[in-house]
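Just so it is clear, none of the values below were taken in a lab; they were calculated from the coordinates. From a predicted model like this one, the values you see are computed outputs, not experimental measurements. Ideal geometry is used to build each Cβ from the backbone, glycine not excepted, and the neighbour counts take in all protein chains shown.
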């Protein structure tokens with residue numbers, strides 16, 4: 001989630017970076033705790049990837065193609081390799097350094113980063129308009145967030161503070177932890193947190209105390225730079241910082257079950273080499289089975305399907 005080229009270089013050379021900061025997963029809390037099915041389209045839909053095919057902040061009505069039903073759904077976890085294919089696109093705030101993204105019902109919750117610019121906000125997913133927001137203190141760098149039992153938990157990068165707020169965004173308490181914070185999701189019983197390394201840490205949702213860890217491994221090698229997380233059913237979807245790849249993880253074993261290529265979503269003019277524009281932000285709507293992806297400072301939020309490749 002960071003923006004320092006020096007930090008990125010050291011992380012890649014050392015092979016073990018740290019940053020837990022914003023799938024196809026239910027990082028969004030499933031309100032009644034039931035796991036949701038994973039949806040796939042068997043055939044690519046015809047789409048206009050232009051962000052303007054979504055709803056502008058001035059428009060009040062969604063485009064007619066944005067409510068399209070998925071062609072097919074498949075229960076159970078993802079396995080194998082996939083491509084993220086856009087179904088519809090919607091405006092996204094180009095000043096939002098997206099760190100966490102999650103649906104609560106039909107409402108979209110977002111966490112943004114950078115010192116002096118971090119906040120937590122409710123966003124109209126059709127228009128990109130910020131409905132309400134609360135800024136973080138200037139010395140805090142916002143990272144991932146998730147919803148647990150009617151409260152929002154938002155972590156910070158290096159400040160070792162987890163801010164708990166109500167659904168109106170008002171702070172009610174804080175937790176402290178050791179190390180960096182990058183991504184966060186809730187699987188219905190425990191919090192799962194990333195720190196930019198290949199490690200996921202499990203935390204008690206009531207105390208934020210660690211209750212276990214797992215190392216994410218693919219082909220015998222640790223998968224570094226795990227970033228924003230989304231818990232969906234029995235799997236965890238994770239952005240890999242500085243890349244357009246999402247990995248789908250079995251949190252019990254640390255094995256990578258699937259890989260999703262999101263490179264086709266990158267808006268023109270946003271180079272992958274600039275970490276300030278990293279693909280980051282995975283949100284899953286449990287009520288409709290839709291996945292949404294965006295990136296830091298991206299002008300567009302995509303509804304997507306994952307097509308086998």
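Quick notes
- For residue 107 and residue 81, a Förster radius of 41 Å and the Cβ-Cβ distance give a FRET efficiency of 0.80, rounded to the nearest 0.05.
- Distance between the modelled labels on residue 151 and residue 189, one decimal in nanometres: 2.1 nm (7 Å Cα→Cβ projection).
- Relative contact order %, the stretch 186-309, counting alpha carbon pairs below 8 Å whose residues are six or more apart: 16
- Translational diffusion coefficient (Stokes-Einstein; Kirkwood radius from C-alpha pairs) of the stretch 158-257 at 20 °C, 1.002 mPa s, in µm²/s: 154
- Between residue 252 and residue 234, the modelled labels are 0.6 nm apart [label points 7 Å from Cα along Cα→Cβ].
- Peptides 135-144, 212-221, 194-203, ordered by how many other C-beta atoms sit within 10 Å of their residues on average, highest first, read 194-203, 135-144, 212-221.
- Once you reduce the stretch 111-181 and the stretch 241-309 to the center of their Cα atoms, the two points are 20 Å from each other.
- Theoretical FRET efficiency, 1/(1+(r/R0)^6), r = Cβ-Cβ of residue 124 and residue 288, R0 22 Å, to 0.05: 0.85
- Amide N proximity, the stretch 154-172 versus residue 137 label position 7 Å along Cα-to-Cβ, cut-off under 17 Å: 154-165, 170-172
- Backbone N atoms of the stretch 106-126 closer than 17 Å to the 7 Å Cα→Cβ label point of residue 170 belong to residues 120-122.
- Label point 7 Å beyond Cα of residue 309 along Cβ direction - residues of the stretch 84-120 with amide nitrogen under 13 Å: 84-86
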